Structures are given as structure tokens and as C-alpha cells.
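Visitor: Structure incoming, see below.
The values are calculated or read from the model by the stated rules, or taken from the named source; none is laboratory data. Being a predicted model, the structure only gives us computed values, none of them experimental. Glycine gets a Cβ as well: all are built from the backbone with ideal geometry, and neighbour counts include every protein chain shown. In case anyone asks, the SASA skips ligands and DNA or RNA and just uses the protein heavy atoms, side chains included. Shrake-Rupley method; radii C 1.70, N 1.55, O 1.52, S 1.80 Å.
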Amino acid sequence: MTAAQIAYATQETYALEKHYYELVTLPTPVHFLFDSFARTMEKTGKNYILIPAAYSTLHVPLFFVFHIEENEVPIYHYQHIVANRKIVRRYDPQREYWPDGR
């Protein structure tokens, strides 16, 4: 079985990087976490990743929500971030995002 993966080199992923660097204080670059995120979502059957409040610039838990593209290998596409039951960042398909969160 091939492991699930984050959609690489897409505008959704560039938006994920940008939003991650705006809201998360973990010292690990987000692209190093992509495989871990995908494996975790695949194993738990959830379409989101939880970042604890201790690593959030908002000081509340952050839920990074993904859309799952069901293929032979599931592909996770970033959609938005939820904090306190409200969307605080959202991928905007009309916007052009740059690699590495720029």
C-alpha cells in the first residue's frame, strides 16, 4: 500500500505554507511535516490536522482542514484553518501563492 500524500507544488499547498508560517510557532519547516500530516490523516480517517494551542500564535488549537482526493493513493488538498469554530485562514483559488510561504 502506498502512503497518502499532501498535494505537492500546488497553489493549495503554497497557501498552506503561508498560513502555517503566519499562525504556527513550531520550529520545524512545514514541508518537512507534509508526510507526517498525510499519514496521520490517513491512519485516523480524519480530514484535518490539529496544532495544539501551545504552538499557535492565536493561543487556541488550530485545525488545518483538507479535502481528500480519493485515488489509488489518497491526495490531501488544503482548504482552510479553523480556530474557535471559525475559519481564520482559507485557500483562495483567485490568489497566487508562492512557495515556502512567501
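Visitor: Taking the stated definitions as given, is Val60 closer than 23 Å to Ala4 by Cβ, in contact (Cβ under 8 Å) with a residue 12 or more places away in the chain and open to solvent by less than 60 Å² (accessible area, probe 1.4 Å)? Let's see the steps before the verdict.
Guide: Working: closer than 23 Å to Ala4 by Cβ: no; in contact (Cβ under 8 Å) with a residue 12 or more places away in the chain: yes; open to solvent by less than 60 Å² (accessible area, probe 1.4 Å): yes.
The answer is no for Val60.
Visitor: Assess whether Ala4 counts as being more than 15 Å from Gln79 (Cβ to Cβ), among the aliphatic types (A, V, I, L, M) and either loosely packed, with under 13 Cβ neighbours inside 10 Å or without any contact (Cβ under 8 Å) to a residue 12 or more places away in the chain (or both). First the steps, then the outcome.
Guide: Working: more than 15 Å from Gln79 (Cβ to Cβ): yes; among the aliphatic types (A, V, I, L, M): yes; either loosely packed, with under 13 Cβ neighbours inside 10 Å or without any contact (Cβ under 8 Å) to a residue 12 or more places away in the chain (or both): no.
No, not satisfied.
Visitor: Something else now. If a residue counts only when it is modelled with pLDDT of 95 or more and in contact with a Phe, Trp or Tyr (Cβ under 6 Å, 6 or more places away or on another chain), which strands (runs of 3 or more DSSP E) contained entirely in segment 13-102 have at least 1 such residues?
Guide: Numbers: elements: 48-51, 62-69, 75-83, 86-90.
In segment 13-102, 48-51, 62-69, 75-83 are the strands (runs of 3 or more DSSP E) which contain 1 or more residues that are modelled with pLDDT of 95 or more and in contact with a Phe, Trp or Tyr (Cβ under 6 Å, 6 or more places away or on another chain).
Visitor: Which number in (1) among the hydrophobic types (A, V, I, L, M, F, W, C); (2) touching a strand residue (DSSP E or B) at 6+ places or on another chain (Cβ under 8 Å); (3) open to solvent by 50 Å² or more (accessible area, probe 1.4 Å); (4) in contact (Cβ under 8 Å) with a residue 12 or more places away in the chain marks the one condition that Val73 misses?
Guide: Among (1) among the hydrophobic types (A, V, I, L, M, F, W, C); (2) touching a strand residue (DSSP E or B) at 6+ places or on another chain (Cβ under 8 Å); (3) open to solvent by 50 Å² or more (accessible area, probe 1.4 Å); (4) in contact (Cβ under 8 Å) with a residue 12 or more places away in the chain, Val73 violates only (3).
Visitor: Is it fair to say Gln11 is open to solvent by 10 Å² or more (accessible area, probe 1.4 Å), touching a residue at least 24 places away in the same chain (Cβ under 8 Å), of a type outside the set (D, E, K, R) and over 18 Å from Trp98 (Cα atoms)? Lay out the reasoning, then the answer.
Guide: Numbers: open to solvent by 10 Å² or more (accessible area, probe 1.4 Å): yes; touching a residue at least 24 places away in the same chain (Cβ under 8 Å): yes; of a type outside the set (D, E, K, R): yes; over 18 Å from Trp98 (Cα atoms): no.
So Gln11 fails the test.
Let's see how each residue does on (1) of a type in the set (Phe, Trp, Tyr); (2) within 16 Å of the chain's Cα centre (by Cα):
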| site | (1), (2) |
| --- | --- |
| Pro61 | no, yes |
| Pro74 | no, yes |
| His80 | no, yes |
| Arg85 | no, no |
| Tyr97 | yes, yes |
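Visitor: Give me a count of the residues in segment 25-45 that are of a type in the set (A, V, I, L, M), more than 15 Å from His77 (Cα to Cα) and free of Cβ contacts under 8 Å to residues at least 24 places away in the same chain. Steps first, answer last, please.
Guide: Of all residues in segment 25-45, those of a type in the set (A, V, I, L, M) come to 26, 30, 33, 38, 41.
From what's left, more than 15 Å from His77 (Cα to Cα): 26.
Imposing the further condition that a residue be free of Cβ contacts under 8 Å to residues at least 24 places away in the same chain reduces the set to none.
Matching residues across segment 25-45 total 0.
Visitor: Another question, if that's okay. Just the residues that are farther than 12 Å from Ile6 by Cα and of a type in the set (Ser, Thr, Tyr), please, taken from segment 67-102.
Guide: Tyr91, Tyr97, listed by residue number.
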